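**Student:** Below are the structure tokens for one structure; questions will follow.
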Amino acid sequence: DWFYLDCICFESSPPTTTSTTLCLVCAFGACNDLQQPAMSAMCTALLIAVVAVSVAVPGVVSADVYERSNLLWANETDGAEFWLAWTVDGDNVHFEARLNRVGWIAVGVSATGMMQATPTSNAVIAKPLNQSHPVAQYSINGVTIDAIDLHETPGCSNFSIDASNGSTVMRFTRGFDNGDGDQAAQLSKTAASHIIFSAGKTAKWQGDSTYCMDSKLVNIAQAPSGELAYQNQVELYKGLFLKWNESNDVFSFEASYDQPVWLGIGISATGMMKDTPTSNAVIAAPVNASHRVGQFEFVEASQAGIVLHPTKGCGGFESEFQAKKTVMRWSRGLSNGDQKDAQINKDGATHVMFSAGKQAHFGEPAACMDSAPVDFYGPHTFKPDPLTTLTWQVNLNNTVTMTYSYQGNAWIGVGFHQNGSMVGSDVVIFSPELKNVSEYTLQGKSLAKIHPTNNQTLQYSSASQSGNVTTVTFVRLLDPKDKQKTAINTVGSTHVVWAYGSSNTLDYHKNRGNVSVPFFGASAPTPPPPPPPLPPPPLPGCRVCTMQRLRAPINLETTRSCRGHHRAEL
């Protein structure tokens, strides 16, 4: 007589670290003599039995609920990526390593970032073709494959591997201490840990070339934001913050939103999703198993038109999905490396797109979707002439803060016009004699043509005269939506007019001019062209005759003499 016994287990939904598992136990029997009552009853009783049991399954974490992830490595040529995701659970960490190719993968811990180190480096390695140990922990006692030894410890368990659908996924649970104590490299609870990693180009473990073999400092226990002080911060939307540091035109960004949902921050030339140059964004989605955070470009203004877009100038992706918060971090250059894409402006404000979902699934309805001007390099300074300085910065609330100063004691004024003309411009004038700052419209070139505007729309103004320096500062809407006032262009440059007088009494200007200011970046402010250079000295042996306002009869032939030509005979 023989029996065949099998068991199929279904994990409860949603999966958690302690799951209720339904086990369906099926027995199929063949009896030599079913005529015997006892044997017949046994076969019938064992035919089908259903048992529901509650079991603790530590380390079994759904791919959707890992709180944090880090892009360990990416190949921009063929799109291969190696991700590490994890959730801290007391003294244990539940890990998922994912390569979007089929191949062996390894993730471990080193004291120094080197494979061979003291204490001993150790790693969990997934070998899809290894039947005896498809996933296991190994100690790394040297730099050759023969020195990588199977090493089971109580602090590393719950191994699983899935090498299907063109990807390799390895999951395991590891304690901050893997059970070897001081003899092995361990994860840090208070600082970043050296994570060593490698991935093979095929599923065969020995003798094959690798996609990558490297190490990276990763803060497993706590978010890097607890250690990194960001120097700049703006609130793009209620509860949605963008923080950054900048050094040598390289930015370290952190975006956070007070909900566990998908989140996106991007760059646009005009503030629109579909734009030229191409808009691009870094998007974090908690339930996107293959790309929890990465750079995308907007080919069309739809979800289908948002395409994964890795570039050289954007990387270092990290994401953190907590119960009540989403955080993503990345680094980006002034240029993301693609000349066809919208880039960060250095000379003015940048149109920053932002969006946050209502759920974790990317593409679900958004809680917010908008753009705002962010001046990453402001304030900007320019000298219209040797005695004056103009400073400006575009603000998040679609305003601009401007300061105009003159090295002297006199009235000063600065304003805007679409083509740089004084007549027709709207200006802010500080008159020390009148002790006020007001907006005026210049309807002509005489003092009688200078009139206060009907609507005074400055959101803030201040002025001072001290130490032989006169200064005015004001905050103005980019677009006051007033027929008497010029809207500041959010693409290209805007003409700024300036002037100062000979005294504190508002009268005819001592000097004036205009400058083309790229409030939203393009190039450095452009002053009017300088006067033509003086003519060169005459060549030796030539006579020079200067005549002013010479009038010749219409019927008289005339010839102009130029450098290098013989003197004309008149």
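**Student:** With each label point set 7 Å from Cα along the Cα-Cβ vector, what nm distance links residue 213 and residue 385?
**Tutor:** Taking the two extended label points, one gets 6.9 nm.
**Student:** Let me ask something additional. Nearest 20 debye, what's the magnitude of the dipole of the range 325-364 about its Cα centre given +1 on Lys and Arg Cβ and -1 on Asp and Glu Cβ?
**Tutor:** With only Lys, Arg, Asp and Glu charged at Cβ, the dipole is about 200 debye.
**Student:** With each pseudo-label sitting 7 Å past Cα toward Cβ, what's the residue 457-residue 229 distance in nm, one decimal?
**Tutor:** Using points 7 Å along Cα→Cβ, the separation is 4.0 nm.
**Student:** Could you give the nm distance between label points at residue 146 and residue 221, where each point is 7 Å from its Cα heading toward the beta carbon?
**Tutor:** Simple spin-label model gives 3.9 nm for this pair.
**Student:** I would also like to ask the following. Skipping prolines and chain starts, which residues have an amide H placed within reach, meaning under 5 Å, of the one on residue 486, given they are 5 or more residues away or on another chain?
**Tutor:** 426
**Student:** In the range 443-480, whose amide N lies under 18 Å from the spot 7 Å out along Cα-to-Cβ of residue 421? List them in ranges.
**Tutor:** 443-451
**Student:** Based on a Kirkwood Rh over C-alpha pairs, give the Stokes-Einstein translational diffusion coefficient of the range 144-289 at 20 °C and viscosity 1.002 mPa s in µm²/s.
**Tutor:** Answer from the Stokes-Einstein relation: 109 µm²/s.
**Student:** Expected output is a single nm value to one decimal: the length gained when fully extending between residue 190 and residue 398, i.e. 0.36 nm times separation in residues minus the C-alpha distance. What is it?
**Tutor:** Value of the extension gain: 70.7 nm.
**Student:** Then there is this: Summing +1 for each Lys or Arg and -1 for each Asp or Glu, what net charge is found among the other residues whose Cβ lies under 9 Å from the Cβ of residue 255?
**Tutor:** Here the charged neighbours net out to +1.
**Student:** Sticking with this structure for a sec: What full-extension length gain, to one decimal in nm, is calculated for residue 512 and residue 114 as 0.36 nm per residue of separation minus the Cα-Cα distance?
**Tutor:** Numbers: separation 398, 0.36 × 398 = 143.28 nm, distance 6.50 nm.
Going from the current span to full extension adds 136.8 nm.
**Student:** Could I ask something else about it? In whole Hz and in residue order, list the ³J(HN,Hα) couplings for the range 188-204 that follow from phi through the Karplus curve 6.51 cos²θ - 1.76 cosθ + 1.60, θ = phi - 60°; x for Gly and Pro.
**Tutor:** 8, 8, 10, 8, 6, 10, 7, 9, 9, 8, 7, 8, x, 7, 9, 6, 6
**Student:** Calculate the all-directions average of the projected area of the range 411-475's alpha-carbon convex hull, and give it in nm².
**Tutor:** Approximately 4.8 nm², given one-decimal rounding.
**Student:** Rounded to the nearest Å, what's the spacing between the alpha carbon centres of the range 287-338 and the range 88-107? Just the number, please.
**Tutor:** Using only Cα atoms to place each centre, the spacing works out to 20 Å.
**Student:** If you project the alpha carbons of the range 344-391 onto the principal axes, what extent comes out on each, in Å, largest first?
**Tutor:** Largest to smallest, the principal-axis extents are 57, 14, 9 Å.
**Student:** Quick one: length gained pulling residue 129 to residue 270 fully straight, 0.36 nm per residue minus the C-alpha distance?
**Tutor:** Contour length minus the Cα-Cα distance gives 45.6 nm.
**Student:** Here's a follow-up. Using heavy-atom solvent-accessible surface (probe 1.4 Å) with all chains present, what is the largest-first order of 194, 309? The partial results should precede the final answer.
**Tutor:** Values: 194 50, 309 25 Å².
Final ranking, largest accessible area leading: 194, 309.
**Student:** Within 12 Å, Cβ to Cβ, of residue 273, how many net charges do the neighbouring residues add up to if Lys/Arg are +1 and Asp/Glu are -1?
**Tutor:** Details: positive: 274; negative: 275, 297, 300, 370.
Combined, the nearby Lys, Arg, Asp and Glu give -3.
**Student:** Based only on Cα atoms, what mean projected area does the convex hull of the range 398-512 have, in nm²?
**Tutor:** With the hull built on Cα positions only, its mean projection is 6.7 nm².
**Student:** Can I ask one more? From the mean inverse distance of alpha carbon pairs (Kirkwood) and the Cα radius of gyration, derive Rg over Rh for the range 261-330.
**Tutor:** Using only Cα positions, Rg/Rh for the range 261-330 is 0.97.
**Student:** Too long at a 30 Å Cα-Cα cut-off: which of 201/358; 383/485; 346/485; 358/483; 435/481? Mind showing how you got there, number by number?
**Tutor:** Numbers: 201/358 39 Å; 383/485 24 Å; 346/485 27 Å; 358/483 40 Å; 435/481 27 Å.
Check vs 30 Å cut-off fails for 201/358; 358/483.
The values are calculated or read from the model by the stated rules, or taken from the named source; none is laboratory data. For clarity, every value in this text was computed on a predicted model and none was experimentally measured. So basically every Cβ, Gly included, is an ideal-geometry build from the backbone, and we count neighbours across all protein chains shown. Note: accessible area is taken over every heavy atom of the protein model, side chains too, but ligands, DNA and RNA are not part of it. Shrake-Rupley method; radii C 1.70, N 1.55, O 1.52, S 1.80 Å.
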